[in-house]
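Worksheet: one structure, shown below.
The values are calculated or read from the model by the stated rules, or taken from the named source; none is laboratory data. Everything numeric in this text was worked out from a predicted model, so none of it was measured. When we count neighbours, we look across all protein chains shown, and the Cβ atoms used for this are built from the backbone with ideal geometry, even at glycine. Accessible surface areas use protein heavy atoms only, side chains included; no ligands, DNA or RNA. Shrake-Rupley method; radii C 1.70, N 1.55, O 1.52, S 1.80 Å.
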Amino acid sequence: MRLAISVDLKDYAQGSLAVRAEVRAGAGEHGFTLAALAAGDGVSVSNWVVTGGESRVEGDLVSVTGASFVIRYDVEVRHRVCLGSGKDTDLVYPFLNANEVFFGTGLLPAPREACTAEFRLAGLPAGWAEFSSLAPGGMHGDKLSAFFCYCAPGEAPAEHTWRGRAQEVKSRVLKQHGVSLPVPEQALFDFFDGYMGWLEDSLAPYQRAGEINFLVLQAPADFSALSGGRTFATGENVLNGIACYAPADAEYLRSYFGFSSYAQYLYEGLAHELMHFYTSPVPEAREKSVLYPAPGCPAYAARLLGEALNNYFYSGYVSREVPAARGSFDSWLSRASARREKTGARQPFLDLLELDEYLCANGASLLELFREMVLLKLDDRRPYGSADFLFETMRARLHLDPPEPLEKAVLSQLS
């Protein structure tokens, strides 16, 4: 399949974006996911037209029968401020105002088959600039499942180049129009250099995206009320990009993350999202990350290897290296222990702690095991199918048998 997609901003001042997707594929039925179809109040799809094929829409799923067809629709956006991501739909909520246009994951049709893709932004107002994850590194079909695009009057992003062992990475930081940060961009670049050096020393030479656009948006403190309770505001890692959405609100940062400041959120968020270039919990990350699960991988295994493993090591690093994030690891541990006590459910973070303690008692470490998994998947780009990958790597590369009760308990978890 080949897609040529355009988004026209000509009516942004009236709260509307025009999308056109030209599709060339083999004969038959072709499926797409379009989360904007099921977003609810504040984001709606109108003027839906498919030419050259027969379409069927069910919820956020679109099926089109045809070999060459064009999908056209408008997205009507009521929201004027950042609201973060949907709780019940895979949508990064768009917002439009006099000085900004923002849209991302869920606004464009994501095909459920392999494809090549082109993207074009039309109608950009004079003096405005695009800052997105779509432009750097070239367009790729996988970007359609997770991306962001921010347009505003043209303040140039801060730029920096980090030189790793295997490649260079150009990073850019752009803060939202009218927003100030508690730390200068150079401090974030300095952190980037130190952290990426540690990742290379601890795991493997970085060999993923050569350009990373880091967008810092700030939702207002009342964003949840504005979205009718349908969104949360954290951040995300996508191919060629990282975006932050949280409000600079002390109570939200404390209650949601356990953070004491917005500066801590920035450092921890950056560390967490950069680690996702090594491990991710979603199958769509095959181009972005080294470790990623197969579509049928149990959810618990994906959380264990894609999220908990990330949190376990990034939090240890920032606890040691970032004054604003002192105690991060202990905070993660405390929250996992509290959840287990409250719910009785297994906690991936605690499973990793138990495994790490066992490995250290036997002359190894969880970090060493993590490194061996990364090295294996650098040479074999297939996804892992379950947490058995963790334990088999331990046997094969560290020559240690896992603790039998822990292995059985982890492998029995599905959700």
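Tabulated data for the structure shown
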{"quantity": "For GLU118, residues with placed amide H under 5 Å, excluding near neighbours", "calculated": "LEU3, ALA4, ILE5"}
{"quantity": "Share of carbon and sulfur in the accessible heavy-atom surface of the stretch 1-45 [1.4 Å probe, %]", "calculated": "42 percent"}
{"quantity": "DSSP beta bridge pairing in the chain, given as percent antiparallel to the nearest 5", "calculated": "75 percent"}
{"quantity": "Tilt relative to the chain, helix 185-202 - C-alpha long axis, 0 to 90 degrees, to 10", "calculated": "50 degrees"}
{"quantity": "Relative contact order for the stretch 233-376, counting Cα pairs under 8 Å that sit 6 or more residues apart, in percent", "calculated": "17 percent"}
{"quantity": "5 angstrom amide H check on LEU134, placed H, neighbours 5+ away", "calculated": "PHE148"}
{"quantity": "Cα→Cβ-extended label distance, 7 Å offset, between GLU54 and GLN207, nm", "calculated": "4.8 nm"}
{"quantity": "Mean ellipticity per residue at 222 nm, deg cm²/dmol - from DSSP H runs of n ≥ 4 across the chain, formula -39500 (n - 2.57)", "calculated": "-8500 deg cm²/dmol"}
{"quantity": "For the stretch 290-415, Kirkwood radius (reciprocal of mean inverse C-alpha pair distance, Å)", "calculated": "15.1 Å"}
{"quantity": "Reach of LYS170 by Cα under 19 Å, taken over lysines that are not fewer than 8 positions away in the same chain", "calculated": "LYS143, LYS288"}
{"quantity": "Heavy-atom surface of the stretch 307-415, accessible at 1.4 Å and reported per residue (Å²)", "calculated": "49 Å²"}
{"quantity": "Contact order relative to length of the chain, as percent, for alpha carbon pairs under 8 angstrom and 6 or more apart", "calculated": "11 percent"}
{"quantity": "Quotient of C-alpha Rg and 2.2 N^0.38 Å, computed over the stretch 111-167", "calculated": "1.41"}
{"quantity": "HN-Hα J in Hz across the stretch 73-88 - Karplus 6.51, -1.76, 1.60, θ = phi - 60°, x for Gly and Pro", "calculated": "6, 10, 10, 8, 10, 8, 6, 10, 9, 5, 10, x, 10, x, 6, 10"}
{"quantity": "Cβ-placed point charges (K, R +1; D, E -1), dipole of the stretch 9-68 about Cα centre in debye, nearest 20", "calculated": "220 debye"}
{"quantity": "20 °C / 1.002 mPa s Stokes-Einstein diffusion coefficient of the stretch 1-74, Kirkwood radius on C-alpha pairs, µm²/s", "calculated": "166 µm²/s"}
{"quantity": "Positive-end residue of LEU34, LEU376, THR393, charge dipole of the chain with Cβ unit charges", "calculated": "LEU34"}
{"quantity": "Surface/4 estimate of mean projected area, convex hull on alpha-carbon atoms of the stretch 362-404, nm²", "calculated": "3.1 nm²"}
{"quantity": "Rg/Rh ratio calculated on Cα atoms of the stretch 125-239 (Kirkwood radius)", "calculated": "0.99"}
{"quantity": "Around LEU376: net Lys/Arg minus Asp/Glu count, Cβ-Cβ under 12 Å", "calculated": "+1"}
{"quantity": "Relative contact order %, the stretch 104-163, counting alpha carbon pairs below 8 Å whose residues are six or more apart", "calculated": "43 percent"}
{"quantity": "Expected-Rg normalisation [2.2 N^0.38 Å, Cα atoms] applied to the chain", "calculated": "1.00"}
{"quantity": "Charge dipole magnitude, Cβ of K and R +1, D and E -1 - the stretch 134-274, Cα centre, debye nearest 20", "calculated": "240 debye"}
{"quantity": "Gyration tensor verdict on the stretch 179-317 (Cα atoms; rounded if a/c is under 1.5, prolate if a/b is larger than b/c, oblate otherwise)", "calculated": "oblate"}
{"quantity": "Intensity falloff of the stretch 69-184 expressed as log10 I(q)/I(0), Debye formula with alpha-carbon point scatterers, at q = 0.11, 0.23 Å⁻¹", "calculated": "-0.45, -1.53"}
{"quantity": "Local electrostatic count, ALA129, Cβ distance below 12 Å [Lys/Arg +1, Asp/Glu -1]", "calculated": "-2"}
{"quantity": "ASP41 paired with VAL183, simple spin-label distance in nm, labels 7 Å along Cα-to-beta-carbon", "calculated": "3.8 nm"}
{"quantity": "Euclidean distance of C-alpha centroids, the stretch 223-299 and the stretch 99-163, integer Å", "calculated": "18 Å"}
{"quantity": "Charge context of PRO157, other residues only, Cβ under 12 angstrom, K/R +1, D/E -1", "calculated": "-2"}
{"quantity": "Whole-percent carbon and sulfur share, accessible surface of the stretch 83-214, 1.4 Å", "calculated": "46 percent"}
{"quantity": "Convex hull of Cα atoms in the stretch 1-142, direction-averaged projection (nm²)", "calculated": "8.2 nm²"}
{"quantity": "Accessible area (Å², per residue) of the stretch 139-219, counting only protein heavy atoms and a probe of 1.4 Å", "calculated": "37 Å²"}
{"quantity": "Dipole moment magnitude, nearest 20 debye, the stretch 260-394 about Cα centre, only Lys, Arg, Asp, Glu C-beta charged", "calculated": "360 debye"}
{"quantity": "Whole-number accessible area per residue in Å² for the stretch 1-107, which is evaluated in the context of all protein chains at 1.4 Å", "calculated": "41 Å²"}
{"quantity": "Shape call, the stretch 176-231: gyration tensor on alpha carbons, a/c limit 1.5", "calculated": "prolate"}
